[in-house]
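Notes to accompany the following structure.
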Amino acid sequence: MSSLKDKKIAVLAADGYEQSELESPVDALKSEGATVEIISLKSGEIKAMKGHEWSNSVDVDKTVSEAKESDYDALLLPGGVLNPDAVRVDKDAIKFVKDFFSKNKPVAAICHGPQTLINAEVVNGVKMTSFKAISKDLQNAGANWVDEEVVTDGNLTTSRKPEDLPAFNKRIVEEFGKA
């Protein structure tokens with residue numbers, strides 16, 4: 001089955017992304033035939049965290065200043081603590097994220113990934129979930145935060161943590177397939 005064979009997915013991440021929250025969804029998307037590109041704040045490669053230790057690296061396909069929403073069908077924002085902290089303050093990254101929402105394209109975020117959505121000002125009135133530690137931040141930004149494994153509201157799909165990856169991956173394959 002190749003439900004995503006004509007889909008091109010952007011993964012926006014920086015150093016300090018949670019390894020499983022990038023690798024597992026990327027593997028799921030590629031297994032369904034999607035083309036996946038890693039977009040970051042810098043060229044070269046970015047390094048993962050596995051728990052509290054530095055881990056694997058992935059090659060960056062494009063910097064966010066080079067990337068255009070129009071080249072992609074959907075966007076994935078993995079978590080990690082350091083990753084969204086860097087991405088959420090980059091003006092090109094925020095514009096990139098906002099452009100997906102303005103075109104109502106599917107966006108998925110897991111764990112701390114939704115922090116970038118706060119800075120993009122796209123969570124007001126949206127039902128979503130995240131890692132519990134940022135639930136108050138999302139609520140303060142106007143989100144309707146719930147403690148559920150996976151939540152889809154409109155074009156946004158969110159999950160809480162690495163243990164939710166099986167449900168998250170299944171849902172993003174479905175949602176990205178609609179793009």
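Residues that are surrounded by 21 or more Cβ atoms within 10 Å (Cβ to Cβ), in contact with a His (Cβ under 6 Å, 6 or more places away or on another chain), of a type in the set (Gly, Ala, Ser) and assigned to a loop (DSSP other than H, G, I, E, B) are absent from the range 110-120. Of the listed requirements (1) in contact (Cβ under 8 Å) with a residue 60 or more places away in the chain; (2) in a strand (DSSP E or B); (3) not hydroxyl-bearing (Ser, Thr, Tyr), Leu4 misses just one: (2).
Only residues that are within 16 Å of Glu18 (Cβ to Cβ) and of a type outside the set (Asp, Glu) were counted across the range 130-171, and they come to 14.
For Asn155, state whether it is touching a Gly at 6+ places or on another chain (Cβ under 6 Å) and surrounded by fewer than 23 Cβ atoms within 10 Å (Cβ to Cβ). It is false that Asn155 is touching a Gly at 6+ places or on another chain (Cβ under 6 Å) and surrounded by fewer than 23 Cβ atoms within 10 Å (Cβ to Cβ). For Leu22, the conditions (1) farther than 19 Å from Leu156 by Cβ; (2) surrounded by 15 or more Cβ atoms within 10 Å (Cβ to Cβ) are fulfilled apart from (1).
Mind checking which residues of the range 131-168 are touching a residue at least 40 places away in the same chain (Cβ under 8 Å) and part of a loop (DSSP other than H, G, I, E, B)? Phe131, Gly154, Asn155, Arg160, Lys161, listed by residue number.
May I ask you to verify whether Ala93 is modelled with pLDDT of 95 or more, out of contact with any Asp or Glu (no Cβ under 8 Å at 6 or more places or on another chain), crowded, with 18+ Cβ neighbours inside 10 Å and not charged (D, E, K, R)? Spelling it out, Ala93 is indeed modelled with pLDDT of 95 or more, out of contact with any Asp or Glu (no Cβ under 8 Å at 6 or more places or on another chain), crowded, with 18+ Cβ neighbours inside 10 Å and not charged (D, E, K, R).
Just one of the listed residues (Ala10, Ala67, Ala86) is assigned to a loop (DSSP other than H, G, I, E, B), surrounded by 15 or more Cβ atoms within 10 Å (Cβ to Cβ), of a type in the set (A, V, I, L, M, F, W, C) and in contact (Cβ under 8 Å) with a residue 24 or more places away in the chain, namely Ala67.
Can we say Ile172 is out of contact with any Ser or Thr (no Cβ under 7 Å at 6 or more places or on another chain) and under 21 Å from Ala13 (Cα atoms)? No, not satisfied.
Out of the range 70-83, which residues are in a helix (DSSP H, G or I) and either touching a residue at least 40 places away in the same chain (Cβ under 8 Å) or over 21 Å from Ala34 (Cα atoms) (or both)? Those that are in a helix (DSSP H, G or I) and either touching a residue at least 40 places away in the same chain (Cβ under 8 Å) or over 21 Å from Ala34 (Cα atoms) (or both): Asp71, Leu82, Asn83.
The values are calculated or read from the model by the stated rules, or taken from the named source; none is laboratory data. Given the structure is predicted, the values throughout are model-derived calculations rather than measurements. Ideal geometry is used to build each Cβ from the backbone, glycine not excepted, and the neighbour counts take in all protein chains shown.
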